Amino acid sequence: MRGPFLLAIAARRSPSGSPHFFWTGTRMIIVTAVGTPADDVENIVAHVERAGLRAHISRGEERTIIGCIGDHDKLIAANLTRLPGVEQVLKIGKPYKIASRAFAGSDTIVSLGDAAGTRVGGSELVVIAGPCSVEGRDMLFQTAHAVQASGARALRGGAFKPRSSPYAFQGMGREALELLAEVRAETGLPVVTEVLDPRQVELVSEFADVLQVGARNMQNFALLTEIGKSHRPVLLKRGLSATITELLMAAEYVLAQGNTQVMLCERGIRTYETSTRNTLDIAAIPVLKRETHLPVLVDPSHAAGQAALVAPLAMAAIAAGADGLLVEVHPDPTCAQSDGEQSLTFAAFDSMMRQARVVAQAMGRELTVPLLV
Ligand code: PEP
Ligand code: MN
C-alpha cells in the first residue's frame, strides 16, 4: 500500500499566471495506539474530514493507520495528538516549499546588479569582502580598492550594527549608506549591508545592492516579510542556534512574498566549543545544496573569530561546495571598531584569495584573482 503515501508535485497556475508548485498528496500520517476502539478511529477520521482533508484508512492486525490527503496546513499536527487513540503523527515531506530543491527545475542564480554581471550560484565562486562596519570614508575606499584588486566581486560593510552591547559602536547609519553608494560609483563593486529593522528596509534598499539579514535577525519574521516585498537580493545568515530547516523556513518567508533572490549564508553556530567564536557547520553546505536551489555562501570570519583561522575555514567551505564567501577585511584590524580579531589585513586577504583560487579550480569553480604586479 505505498500509493497513497507517495509524495507528488503538481503544477498549478497562480492568480498572477506564473507557474507555482505545491506539494500535494499525503504529508501527514496518523498512527493509532494498539487496540484503539473503532469509535476513536471514527472520531479521528471525522476530525481530519472536518478540516477538509480526505482520510485514507489502513487497518492492520494491531493498529490502524490514517493517511491524510489534502491541504495539510489546515491540520495542526500538535492538536491531533490530543485526540484519544492517537499515538503518533508523522509528517512526511518538508515544511518549506518554494525553498525546496524540488520546487525549482535548476539552481537559482542571484545577480548582484553590477555592470560586471556578477552572478552567485553559477560556476563562479563569488567572494564578498570588506569591513565589519563602515567606519569612515578613507578606510572604506582603501578597503574596497584592496579587496577588488585581490578578486572580490562585491563589498560588504555594516551601516547598522547588531551589537551584543548597547554601549558598543552601533554603526554610522545613513552616512555609511551614502559612503557605500559613493564607493560603488567609484569601483563598480555592488554593496552588501545589513538591515536590522523592518522600518529600515526602504532606506537601506535605496542604497544597497544586497540586503543582509544578520544571524540575530534570522527569525525576525516582520523583517523577513518586509524584505520579501523589496526587489533587492537578500543575504540571509543562519541564526546562532538555528537548525538548517529553520534557516530554510526563514528563506521561505522572503520567498513567499515574491522576492526570489535569496542567498543563504552559513556563519557558524553556537556549540559547547570555546576555542572558536562559533563552530562552522561544514556539513550544512552539502545539506543545503541538496535541500534547496538557493545559493549557499559561507562566512568564515564570524565562524572563526580569529584572523588566523579564516583562510583554512574558507578553503574547507569551497571544498564542501560553497557558492561564495563573505569575508571581513580591514586596513588596520588593530583599530577596527568591531570584529578586529577576525578581520584580515589586505595582505592576508590577498593570500587567502590566491589559495582559494587553487581550491576553487580543483572543485571546478572559477575564481579570478588578478595577477601580482
Ligand atoms: C556581520 O556580518 O558583521 C555580522 C554581524 O554577522 P552575523 O549576523 O553573522 O553575526
Ligand atoms: Mn562582523
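Values as computed for the structure displayed
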{"quantity": "Yes/no for Leu125 being open to solvent by less than 20 Å² (accessible area, probe 1.4 Å), away from ligand 2 (no atom under 16 Å from the Cβ), in the same structural domain as Ile318 (by TED's automatic domain parsing) and in contact with a strand residue (DSSP E or B) (Cβ under 7 Å, 6 or more places away or on another chain)", "calculated": "yes"}
{"quantity": "Only listed residue being farther than 24 Å from Ile109 by Cα, open to solvent by less than 30 Å² (accessible area, probe 1.4 Å) and either modelled with pLDDT of 95 or more or part of a helix (DSSP H, G or I) (or both), chosen from Ala242, Ala250, Ala322", "calculated": "Ala242"}
{"quantity": "Selected residue (only one of Val210, Val192 is within 18 Å of Glu135 (Cα to Cα), within 16 Å of ligand 1 (Cβ to nearest atom) and either open to solvent by 10 Å² or more (accessible area, probe 1.4 Å) or assigned by TED's automatic domain parsing to the domain that holds Leu240 (or both))", "calculated": "Val192"}
{"quantity": "Boolean, Lys97 is open to solvent by less than 60 Å² (accessible area, probe 1.4 Å), within 16 Å of ligand 1 (Cβ to nearest atom) and either over 26 Å from the mean Cα position of the chain (by Cα) or more than 27 Å from Pro370 (Cβ to Cβ) (or both)", "calculated": "no"}
{"quantity": "Subset of the range 254-284 that is more than 16 Å from ligand 2 (Cβ to nearest atom) and of a type in the set (Asp, Glu) - its residue that is nearest to Ala215 (Cα to Cα)", "calculated": "Asp281"}
{"quantity": "Matching strands (runs of 3 or more DSSP E) fully within the range 144-239 where at least 1 residues are within 15 Å of ligand 2 (Cβ to nearest atom), at pLDDT 95 or above and more than 18 Å from the chain's Cα centre (by Cα)", "calculated": "154-156"}
{"quantity": "Residue satisfying all of: in the range 47-68; in a helix (DSSP H, G or I) and of a type outside the set (Val, Ile, Thr); most open to solvent (accessible area, probe 1.4 Å) among these", "calculated": "Arg50"}
{"quantity": "Residue pairs meeting the criteria (Cβ under 8 Å; at least 6 apart or on separate chains; first small (Gly, Ala, Ser), in the range 253-264; second open to solvent by 10 Å² or more (accessible area, probe 1.4 Å))", "calculated": "Ala256/Ile98; Gly258/Lys229"}
{"quantity": "Candidate set: the range 280-319, residues that are charged (D, E, K, R) and in a helix (DSSP H, G or I); chosen: the one surrounded by the most Cβ atoms within 10 Å (Cβ to Cβ)", "calculated": "Glu291"}
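The values are calculated or read from the model by the stated rules, or taken from the named source; none is laboratory data. Only a predicted model underlies this, so the values are computations on that prediction, with no experimental measurement involved. Neighbour counts run over all protein chains shown; Cβ positions are idealised from the backbone, glycine included. Accessible surface is based on the protein model in full, side chains and every heavy atom, while ligands, DNA and RNA are left aside. Shrake-Rupley method; radii C 1.70, N 1.55, O 1.52, S 1.80 Å.
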